[in-house]
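Trainee: Before I ask anything, here is the structure I am working with.
The values are calculated or read from the model by the stated rules, or taken from the named source; none is laboratory data. Small disclaimer: the values here were computed from a predicted structure and weren't measured. Heads up, the Cβs are rebuilt from the backbone with ideal geometry, glycines too, and the neighbour counts pull from every protein chain shown. These accessible areas exclude ligands, DNA and RNA; they are computed on the full protein's heavy atoms, side chains included. Shrake-Rupley method; radii C 1.70, N 1.55, O 1.52, S 1.80 Å.
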Protein chains: 2
Amino acid sequence: MAKIEIKILQNLLQANDAKAAEIRALLQQKKILMLNLISSPGSGKTTLLEKTLPLLKEKYRVAVIEGDVETAKDAERLEKCNVPIALINTSGACHLESISIAKAFSALDLNNLDIIFVENVGNLVCPAEFDIGEDYKIALVSTPEGEDKPIKYPLLFREAALVLLNKIDLIEHLNFDRDAFYHDIDKIHRGIPIIETSCKNKSGFAEWLAWIEEKITEKKM
Amino acid sequence: MAKIEIKILQNLLQANDAKAAEIRALLQQKKILMLNLISSPGSGKTTLLEKTLPLLKEKYRVAVIEGDVETAKDAERLEKCNVPIALINTSGACHLESISIAKAFSALDLNNLDIIFVENVGNLVCPAEFDIGEDYKIALVSTPEGEDKPIKYPLLFREAALVLLNKIDLIEHLNFDRDAFYHDIDKIHRGIPIIETSCKNKSGFAEWLAWIEEKITEKKM
């Protein structure tokens, strides 16, 4: 790549990081916890939110920023949860950037929120490269994708604060090597918590909710 | 985005397209069929190749260009198939470009090949945007990802010449809406063939091999 091209890409990333820092400062001031959900397409991000939002809503004021290449499909699925939703259509772009998040904020009442979930575009590669001002990135990976995803796409697992191994109910029908999965993640990001979840039978949900509670309590301190 | 940035991105895409055109002309001259496999991470591209290569090898000279963000994991898995493999590590980039394919060609004997499979980086978004000089893009989607993937990530399904609905053996354990899947694809790309495959029990493999045979026969004419 020519030097001028590299320079311009660096500028774009710097602009993204600067806006992300502004967002982070604003969320700190408002004491809002923002969680950035990242996974392959079809790992279960939307379903996880469908099952999680009703449980959190009892205690916290929650909103969702929904990132999608096109369509409002996921936002429509979440409407029945009856929480504020801001939809970002990326017009083909494969990840969310901080500038879009800042725009989405204008559709939310930040004086009246405890938690914002960001459902990133379904993509295990690019979203991990962009700071959107979140408190934590959460990596979802589902059992049918295979145990080798962390080692093959390590950046996300390095950047994340939590791994959800989702669709754990399907594991009996698969040749999923659990030991290799845990071993690889330990190599990439020692000590990162891993919670095995099923949105079908809600296994792991107590742990998942406890993790969120811990983080929101820290934020409110 | 500033005008100069747009201009530079356009230049990058034009350089990619120019190299793709060169590749296409070379493959035409050598009568080699090149198939570009694109899917989310974990849809089963490598396993499909593991099961397909031994069957094709009986009749055709086959090679694989293996695209991965980092690691040689998939290339190592395919080594036992005993076909020429050229590995491209993209160093974090989320898709293959034609320049990398041209470089990978130098590791292959193009005078001694009938078919090249390109296993693209696992990503349902970006690889569809880059012409690498292939004859056909093939979209894989696996049943656990859900029936809504084509409508949510339509570009690939518009660009592809064939859809493989993989891991069909798992469908009985899922709430996969087959009608919606077929209906959506028909809306996006009317008439595109869809083959339901399982790498576990090889269902759909006769049809998949017949599709490849038809394309290689056309190419050799």
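Trainee: Within the group A:Asp177, A:Asp184, which residue is of a type in the set (Asp, Glu), more than 25 Å from A:Leu113 (Cα to Cα) and crowded, with 17+ Cβ neighbours inside 10 Å? Talk me through it step by step, then tell me what you get.
Mentor: Values: A:Asp177 fails: crowded, with 17+ Cβ neighbours inside 10 Å.
Exactly one of A:Asp177, A:Asp184 is of a type in the set (Asp, Glu), more than 25 Å from A:Leu113 (Cα to Cα) and crowded, with 17+ Cβ neighbours inside 10 Å, namely A:Asp184.
Trainee: Tally the residues that are out of contact with any strand residue (DSSP E or B) (no Cβ under 8 Å at 6 or more places or on another chain), more than 14 Å from every other protein chain (Cβ to nearest Cβ), touching a residue at least 12 places away in the same chain (Cβ under 8 Å) and within 26 Å of B:Cys199 (Cα to Cα), restricting the search to segment A:161-218.
Mentor: Qualifying residue count, segment A:161-218: 1.
Trainee: I want to confirm something. Restricting to segment A:115-138 and keeping residues that are part of a helix (DSSP H, G or I) and modelled with pLDDT of 95 or more, which single residue is surrounded by the most Cβ atoms within 10 Å (Cβ to Cβ)? Step through it out loud before you land on a result.
Mentor: Applying the first criterion (part of a helix (DSSP H, G or I)) to segment A:115-138 yields A:126-129.
Keeping just the survivors that are modelled with pLDDT of 95 or more gives A:127-128.
Working: A:Pro127: 26, A:Ala128: 24.
The extreme case among them is A:Pro127.
Trainee: Does any residue in segment A:145-157 that is under 13 Å from A:His183 (Cα atoms) come within less than 6 Å, Cβ to Cβ, of a residue that is acidic (Asp, Glu) and not in a helix (DSSP H, G or I) six or more places away or on a different chain, and which pairs are these?
Mentor: Here the result reads A:Glu147/A:Asp177, each pair linking segment A:145-157 to a residue that is acidic (Asp, Glu) and not in a helix (DSSP H, G or I).
Trainee: Which condition does B:Asn11 not pass, out of (1) over 18 Å from the mean Cα position of the chain (by Cα); (2) open to solvent by less than 60 Å² (accessible area, probe 1.4 Å), if it passes all the others?
Mentor: (2)
Trainee: Which one is nearest to the chain's Cα centre (by Cα) among residues in segment B:144-160 that are outside any helix (DSSP H, G or I) and at the interface with another protein chain (Cβ under 7 Å from one of its Cβ atoms)? Outline the logic, then answer.
Mentor: The initial filter retains those residues of segment B:144-160 that are outside any helix (DSSP H, G or I), namely B:146-148, B:153, B:160.
Now narrow it down to the ones that are at the interface with another protein chain (Cβ under 7 Å from one of its Cβ atoms): B:146, B:148, B:153.
On the way: B:Gly146: 20, B:Asp148: 20, B:Tyr153: 16 Å.
Filtering segment B:144-160 for residues that are outside any helix (DSSP H, G or I) and at the interface with another protein chain (Cβ under 7 Å from one of its Cβ atoms), the one nearest to the chain's Cα centre (by Cα) comes out as B:Tyr153.
Trainee: Quick one: would you say B:Val141 is within 11 Å of chain A (Cβ to nearest Cβ), modelled with pLDDT of 95 or more and assigned to a strand (DSSP E or B)?
Mentor: Numbers: within 11 Å of chain A (Cβ to nearest Cβ): yes; modelled with pLDDT of 95 or more: yes; assigned to a strand (DSSP E or B): yes.
The answer is yes for B:Val141.
Trainee: So which residues in segment B:187-217 are open to solvent by 50 Å² or more (accessible area, probe 1.4 Å) and hydroxyl-bearing (Ser, Thr, Tyr)?
Mentor: B:Thr217, the sole residue that qualifies.
Trainee: Here's another thing I want to ask about it. Any residue at all in segment A:21-31 that's open to solvent by less than 10 Å² (accessible area, probe 1.4 Å) and not aromatic (Phe, Trp, Tyr)? Write out each step before concluding.
Mentor: To start, the set of residues in segment A:21-31 that are open to solvent by less than 10 Å² (accessible area, probe 1.4 Å) comprises A:23, A:27.
Imposing the further condition that a residue be not aromatic (Phe, Trp, Tyr) reduces the set to A:23, A:27.
Checking segment A:21-31: at least one residue is open to solvent by less than 10 Å² (accessible area, probe 1.4 Å) and not aromatic (Phe, Trp, Tyr).
Let's see how each residue does on (1) basic (Lys, Arg); (2) within 14 Å of B:Leu37 (Cβ to Cβ); (3) crowded, with 16+ Cβ neighbours inside 10 Å:
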residue	(1), (2), (3)
B:Thr71	no, no, no
B:Asp74	no, yes, yes
B:Asn82	no, no, no
B:Gly92	no, no, no
B:Ser100	no, no, yes
B:Ala104	no, no, yes
B:Asp109	no, no, no
B:Leu113	no, no, yes
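Trainee: Okay, moving on. Hey, among A:Gly67, A:Gly44, which residue is open to solvent by 10 Å² or more (accessible area, probe 1.4 Å), at pLDDT 95 or above and touching a strand residue (DSSP E or B) at 6+ places or on another chain (Cβ under 8 Å)?
Mentor: Details: A:Gly67 fails: open to solvent by 10 Å² or more (accessible area, probe 1.4 Å).
Only one candidate qualifies: A:Gly44.
Trainee: Taking the criterion of being farther than 25 Å from B:Ser43 by Cα and open to solvent by less than 20 Å² (accessible area, probe 1.4 Å), would at least one residue in segment A:149-160 satisfy it?
Mentor: Initially, segment A:149-160 is screened for residues farther than 25 Å from B:Ser43 by Cα, giving none.
Taking every residue of segment A:149-160 in turn, none turns out to be farther than 25 Å from B:Ser43 by Cα and open to solvent by less than 20 Å² (accessible area, probe 1.4 Å).
Trainee: Being in contact with a Ser or Thr (Cβ under 6 Å, 6 or more places away or on another chain) and assigned to a loop (DSSP other than H, G, I, E, B) is the filter; apply it to segment A:43-94 and report the residue that is nearest to the other protein chains (Cβ to nearest Cβ). Spell out the reasoning first.
Mentor: The initial filter retains those residues of segment A:43-94 that are in contact with a Ser or Thr (Cβ under 6 Å, 6 or more places away or on another chain), namely A:43-45, A:69, A:74, A:77, A:88.
Among the residues that remain, those that are also assigned to a loop (DSSP other than H, G, I, E, B) are: A:43-44, A:69.
Details: A:Ser43: 8, A:Gly44: 9, A:Val69: 6 Å.
Among those residues, the one meeting the criterion is A:Val69.
Trainee: Enumerate the pairs (first residue in segment A:61-77 and more than 16 Å from A:Thr47 (Cβ to Cβ); second residue anywhere and among the basic types (Lys, Arg)) with beta-carbon separation below 7 Å, excluding pairs fewer than 6 apart on the same chain, so at least 6 apart or on different chains.
Mentor: So the pair list comes out as A:Val69/B:Lys152; A:Thr71/B:Lys152.
Trainee: Looking at (1) part of a loop (DSSP other than H, G, I, E, B); (2) touching a Gly at 6+ places or on another chain (Cβ under 8 Å); (3) not hydrophobic (A, V, I, L, M, F, W, C), which is the one condition that is false for A:Ser203?
Mentor: It is condition (2) that A:Ser203 fails.
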